[in-house]
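K.L.:
Sending over a structure as structure tokens; questions will come in a sec.
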Amino acid sequence: MNKLLVVLILITTNIYAQDEIAKSLLEELSANAKNYNNIYIEFDLMIENKNQNISEKQEGIIEIAKEKFRLQLEDQFIVNNGESQWIYLVDMNEVQIINNSDLDELMNPVNIFTIYERDYKYNYVGVSSENGLQIQNINLFPKTSKEFIKINIEIDASKNQLRKIKIYDKNGGTLAYELKKISVNTKLEPFIFDTKNYADIEIIDLR
């Protein structure tokens, strides 16, 4: 058999095997998440772009219950009840209201565990070690043109639990969510944003 053909077969087989590993890990992660009634996550958000001298870090909390979520960051507070989304900007004392259907899939935290199902190619990068943890690394690539070019997912191998998501955009910037604490099936407050609790708030309803 032609040596070049043998090499091509070996490369193709290896790529297929890696894709199957990535698929298996992602499917297990997704299946576990779908079994939860709700998820509570504390995380660090890192935003970087060396070309624009941007380097920011802030802490956040995300609560997800099926199609609803609540996201708390230092500069904004977002509530989504599955139909509408309220985006409260702290410094401006302003809330913008939009339809849930207007959300980009990547910006909707509800999709955090199932994003790979939405027209992405996936590739198993391998196992790395960090602070004594074994980390499974997977890259996702959009099949169609988007504002970002790659998503890297890190999974804690011992718990089969999401550890970090890093998004690479076309302009050289990255957006990384490092999960510090995860609790499931806990008691959460209703997913409601009551404007009466904010004196002199400006309301911009875009629905």
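K.L.:
Looking at ASN171, ASN185, ASN197, can you tell me which residue is polar (S, T, N, Q) and farther than 22 Å from GLY60 by Cβ?
P.N.:
Result: ASN171 is the single residue among ASN171, ASN185, ASN197 that is polar (S, T, N, Q) and farther than 22 Å from GLY60 by Cβ.
K.L.:
Here's another thing I want to ask about it. Given the criteria open to solvent by 30 Å² or more (accessible area, probe 1.4 Å), outside any helix (DSSP H, G or I) and in contact (Cβ under 8 Å) with a residue 12 or more places away in the chain, does GLU56 qualify?
P.N.:
Here the answer is no, as GLU56 does not meet what is asked.
K.L.:
Residues of the range 154-169 being charged (D, E, K, R) and open to solvent by less than 40 Å² (accessible area, probe 1.4 Å), which ones?
P.N.:
Of the residues in the range 154-169, the ones charged (D, E, K, R) are 154, 156, 159, 163-164, 166, 169.
Within the range 154-169, GLU154, ASP156, ARG163 meet the criteria.
K.L.:
Just checking, does the range 134-141 include any residue being farther than 21 Å from ILE61 by Cβ, among the β-branched types (Val, Ile, Thr), in contact (Cβ under 8 Å) with a residue 12 or more places away in the chain and open to solvent by 80 Å² or more (accessible area, probe 1.4 Å)?
P.N.:
From the range 134-141, those farther than 21 Å from ILE61 by Cβ are 134-141; that's our starting set.
Still in the running and among the β-branched types (Val, Ile, Thr): 135, 138.
Add one more test, that the residue is in contact (Cβ under 8 Å) with a residue 12 or more places away in the chain, and what stays is 135, 138.
After this cut, where a residue has to be open to solvent by 80 Å² or more (accessible area, probe 1.4 Å) as well, the list is none.
Within the range 134-141, not a single residue is farther than 21 Å from ILE61 by Cβ, among the β-branched types (Val, Ile, Thr), in contact (Cβ under 8 Å) with a residue 12 or more places away in the chain and open to solvent by 80 Å² or more (accessible area, probe 1.4 Å).
K.L.:
Count, please, the residues in the range 43-53 that happen to be touching a Gly at 6+ places or on another chain (Cβ under 8 Å) and open to solvent by less than 100 Å² (accessible area, probe 1.4 Å).
P.N.:
Taking the range 43-53 first, the residues touching a Gly at 6+ places or on another chain (Cβ under 8 Å) are 43-45, 47-52.
Checking which are open to solvent by less than 100 Å² (accessible area, probe 1.4 Å) leaves us with 43-45, 47-49.
Of the residues in that region, 6 qualify.
Condition check ((1) out of contact with any Lys or Arg (no Cβ under 9 Å at 6 or more places or on another chain); (2) modelled with pLDDT of 95 or more) across all residues:
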site: ARG70; (1), (2): yes, yes
site: ASN99; (1), (2): no, no
site: ILE115; (1), (2): yes, no
site: LEU133; (1), (2): no, no
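K.L.:
To continue, here is another question. Where in the range 72-121 are there strands (runs of 3 or more DSSP E), lying fully within it, with 1 or more residues that are within 22 Å of TYR40 (Cβ to Cβ) and open to solvent by 30 Å² or more (accessible area, probe 1.4 Å)?
P.N.:
Output list reads 76-80, 84-89.
The values are calculated or read from the model by the stated rules, or taken from the named source; none is laboratory data. These numbers come from a predicted model, not from an experiment. All Cβ positions, even for glycine, are placed from backbone atoms using ideal geometry, and neighbour counts span all protein chains on display. SASA here: full protein model, heavy atoms, side chains in, ligands and nucleic acids out. Shrake-Rupley method; radii C 1.70, N 1.55, O 1.52, S 1.80 Å.
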